[in-house]
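The structure under discussion appears below in the form of structure tokens.
Read the figures in this text as sums done on the coordinates, not as results from a lab. Not measured: the values here are computed from a predicted model. Backbone-built Cβ (ideal geometry, glycine too); neighbour counts: all protein chains shown.
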Amino acid sequence: MKYVIYTLAGISMLLSVGGLSAYTNTKQIGLLLSSVVSIACALAAIYFVSFWPLVLGFALNWGLKLAGLDSSAHR
């Protein structure tokens, strides 16, 4: 289970770095917030070796989407 958590956290961090890269091009604050939340939760999952920070990060990003800070809402 430990390796599954590490893998999912690594994938989350990799996607977040892509989000930060997209933020530098578009300057949409939603991308920055989403990436920071995902990186922080992935690091917490690695530190605690627990699955709950990844679930929390998903829920927080879902909340950002519901608040209208999703980048797809601006299209």
Pairwise label distance in nanometres, Trp52 with Asn25, each label 7 Å out on the Cα-Cβ vector: 3.8
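Could the peptides 50-59, 1-10 be put in order, highest first, of the mean number of other beta-carbon atoms found within 10 Å of their residues? Kindly include the intermediate steps, with their values, before the conclusion.
Values: 50-59: 15.6, 1-10: 12.5.
Ranked by mean Cβ neighbours within 10 Å, highest first: 50-59, 1-10.
So what is the relative contact order of the chain, in percent, for Cα pairs below 8 Å that sit 6 or more residues apart? Each step should come with its number before you reach the end.
Details: 70 pairs, mean separation 25.1, N = 75.
Answer for the chain is 33 percent.
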Entry for Cα extents along the principal axes in Å (calculated from the structure that is shown) out of [x] 39, 23, 15; [y] 60, 23, 18; [z] 32, 26, 19: [x]
